[in-house]
1. Given the rule -39500 (n - 2.57) for each run of at least 4 DSSP H residues, summed and divided by the residues of the chain, what is its mean residue ellipticity at 222 nm, to the nearest 500 deg cm²/dmol?
2. Using label points projected 7 Å from each Cα along Cα→Cβ, tell me how many nm separate residue 142 and residue 329, to one decimal.
3. How high is the FRET efficiency from residue 253 to residue 170, r the C-beta distance, R0 25 Å, rounded to 0.05?
4. Relative contact order, percent, of the chain when contacts are C-alpha pairs under 8 Å separated by at least 6 residues?
5. Find the Cα radius of gyration of the chain, compare it with 2.2 N^0.38 Å by division, and give the number to two decimals.
6. Quick one: dipole size for the chain, taken about the Cα centre, charges +1 on Lys/Arg Cβ and -1 on Asp/Glu Cβ, in debye to the nearest 20.
7. Give me the Kirkwood hydrodynamic radius of the range 192-330 in Å, from all C-alpha pairs, to one decimal place?
8. Around residue 78, what is the net charge, scoring Lys/Arg as +1 and Asp/Glu as -1 over all other residues with Cβ under 12 Å from its Cβ?
Amino acid sequence: MKKILQILFEYKTLTREQAREVLYNISLGQYNEPEITSFITVFLMRSITIEELQGFRDALLELAVQAGLDGYDTIDIVGTGGDGKNTFNISTLACFIVAGAGQKVAKHGNYGATSISGASNVMEQLGYRLSNDPGKLKKELEQANICFLHAPLFHPALKAVGGIRKNLGIRTFFNMLGPLVNPAFPKFQLIGVYNLEMARIYTYMLQKAGSSFAIIHNLDGYDELSLTGDARVITNEGDRVMTPEQLGKRMVSPSDIYGGNSPEEASKIFLEILKGRGTWAQNAVVFANAAMALYCTGAYDDYDLAYAAAVESLECGNALSVLNTLISLQ
């Protein structure tokens, strides 16, 4: 690691193979905590290169535990995190709306490192048992239309740096990696990013991989469609800016989408919305993200039809039924 750190401290970048090797060795526990912290800190002080991110991704996928979900046309809805906004679990809620609309979902998530409650925190609060057992995941996908993949159970490197990330409490390049290493290899992806540079990198990587995707960035800094301002939406078909009115029929304020002060509060908000007792602002934000995900699959000819399907999924109780079925399988 000292050799790698010296390269980085001289303002040089890593090749794809060097980046792969470092993250591979982190996964195997070959470095101590100060060395790993120093390594992470470098990328807090400068932008990551595409080659470096590709190398990190290569290592994670090389070591990943297999999810065994080949043959399913799944979608993942995920944000990079690290936007510092402390919203409720919008992308996870959108997953249940999308599953309730008939699309199979393989949600990749983790405990909150930069937020009060990550996807894994709220899933555990709801009674979900985190697992990397392919049989359990397949059963959930077939019967509930959704399964949850807790990232550290599939990626040794993420487990190795979990404590360091939590102690730092700020976004790192591991936030960037999460959406790129879903072990289910979903056919469709809706990815929220916290800045436009990250959007550019993701666009390049996903186009190269041939994925069907939508990358979203609210221009006021949210890594999701927050409806607090205009949003940039990048898909296989191009790049456009959309207004809150186009995306969710209305604009909302940041206080409307606050996520609470604890995982317990976050899960309470989550259930209230899923039970149809959310505020109009909360519902609109969830509908917008779910609609963009459904539109990304190509199952709907236009965004408004996808939005209507998202509304129906919640209002007719299908989304809540997905959760109830999922929890009954634990």
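Values in this text are rule-based calculations from the coordinates and carry no lab data. Every value quoted in this text rests on a predicted model; they were computed, and no experiment measured them. So basically every Cβ, Gly included, is an ideal-geometry build from the backbone, and we count neighbours across all protein chains shown.
1. Result for the chain: -15000 deg cm²/dmol, rounded to the nearest 500.
2. It is 0.9 nm.
3. Values: r = 25 Å, r/R0 = 1.00.
That pair, residue 253 with residue 170, gives E of 0.50.
4. Numbers: 631 pairs, mean separation 70.5, N = 330.
The value is 21 percent.
5. Values: Rg = 18.8 Å, N = 330, 2.2 N^0.38 = 19.9 Å.
Against the empirical 2.2 N^0.38 Å value, I get 0.95 for the chain.
6. 620 debye
7. Its Kirkwood hydrodynamic radius stands at 15.9 Å.
8. -2
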